[in-house]
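Right, one structure below, let's go through it.
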Amino acid sequence: MALKRVEVDLFVWDGAESGQPTTAAYQIDKSVISGQTNITLEIAELVRDYFSVSFNNDYPSITRYVRAVVNSFDDTDEPYETNPITTTFVALDGYGYFEEGTNPELSRNALISANNIYLPENTAGNFPIFAEGVGKVIIDSTTTQITDNGNTNQKVQYITIPANSSTIQVFDTDDTTLKKTITVSNICEPKFTPYKITFINKYGCFENLFFFKKSSEITNVTDEMYKRNIVTNTASTYNTYDNQRERMNVNAKTSLTMNTGFIVEDMNQTIEELFYSENVWIRYNGQTLPVIPSSKSLEYKTQLNDSLINYTIQFDFAFDRINNVR
């Protein structure tokens, strides 16, 4: 007998792996398309509905357990194979590139693409790892053993980079296989104020990128105008100090144009992921504020073509200057 249809109960939750909800998030019933012999289901967009991103300089682990319980049936509506088949995943809200093919396996160790991190001098930092795939992290001569209690809040962990560190080594779960080496550059910037941008990267994790050089702030004001009647009812006169043209619905949006300072070509990957990110924040005047990269065109810079690589990027604050939240 041939496969006719499948019934799928899709569960999505956070917390412990044993905490599966009693009710499925989605129930899917799909039949074989005529002329085909198998059934393909795309669940990524369904699972993504259960991700919510919030950030206040706190770096939470945004992961979910996903469990697919699949029952398959043949032409006579009898089980096509042993029912049910249950598969459990740990899901992050990341993405792959077209050239990586269908369902690419992203990194299972350090969850950043570049092999370099830039930090202001005398400033600590952090970077994300996937705890299931990392046994230990060595920063200079200090070793941190990675443990995972199975809860979703442990799946992505942000490792602290002590101030003025130089080298990070990330090892596989066997504690001997080196998976990634990251060089930390500590930048002395006596003239300008470095600003920290945090964004959701390709792996669905928070990643920091500092802008060290010149920054400028611009406010663009919007308004509407109307003409009002200023003639008095009694004397049919008007006061010359009353305005005939009235302003209304005044608001403003503020943008920042910032420069990375000189970085290595390897950081092109990080800049690219910043441009693709739907969630970006800046640490500004002691607050974490949402911003949107308003620069929409990225010209990749190389050492061969440009010698020294500096990126200038404009960000819009993701809110109106005058508070109109109702």
Extreme residue, nearest to V137 (Cα to Cα), among residues of the stretch 98-112 that are assigned to a loop (DSSP other than H, G, I, E, B) and at pLDDT 95 or above = N109
Write out, first by first residue and then by second, each pair whose Cβ atoms fall under 8 Å of each other, whose residues are 6+ apart or on separate chains, and whose first residue, in the stretch 169-194, is outside the structural domain of V137 (by TED's automatic domain parsing) and over 16 Å from A110 (Cβ atoms) while the second is at pLDDT below 95 and of a type in the set (K, R).
-> none
Only one of (1) in contact with a Phe, Trp or Tyr (Cβ under 9 Å, 6 or more places away or on another chain); (2) modelled with pLDDT of 95 or more fails for I43. Which number is that?
-> (2)
Scanning the stretch 94-151 for residues that are under 15 Å from Q169 (Cα atoms), of a type in the set (S, T, N, Q) and without any contact (Cβ under 8 Å) to a residue 40 or more places away in the chain gives S141, T142, T143, T144, Q145
Those residues of the stretch 30-52 which are more than 21 Å from the chain's Cα centre (by Cα) and among the hydroxyl-bearing types (S, T, Y), in sequence order = S31, S34, T37, T40
Heads up, the strands (runs of 3 or more DSSP E) in the stretch 135-205 (entirely inside) with at least 2 residues that are over 27 Å from E17 (Cβ atoms) and modelled with pLDDT of 95 or more are 136-139, 142-145, 167-171, 178-187, 195-200
For P104, indicate whether it is touching a Cys at 6+ places or on another chain (Cβ under 8 Å) and closer than 28 Å to E272 by Cβ.
-> no
Which one is surrounded by the most Cβ atoms within 10 Å (Cβ to Cβ), of the residues in the stretch 223-263 that are more than 30 Å from Y311 (Cβ to Cβ) and of a type in the set (A, V, I, L, M)?
-> I230
Leading residue by the ranking (farthest from M267 (Cα to Cα)) among those in the stretch 69-125 that are surrounded by fewer than 15 Cβ atoms within 10 Å (Cβ to Cβ) and under 19 Å from the mean Cα position of the chain (by Cα) = N103
What's the number of the condition I218 fails, among (1) in a strand (DSSP E or B); (2) within 26 Å of S61 (Cβ to Cβ); (3) not acidic (D, E)?
-> (2)
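The values are calculated or read from the model by the stated rules, or taken from the named source; none is laboratory data. Quantities reported herein were computed from a predicted structural model and do not represent experimental measurements. Every residue, glycine among them, receives a Cβ derived from its backbone with ideal geometry; neighbour counts consider all protein chains shown.
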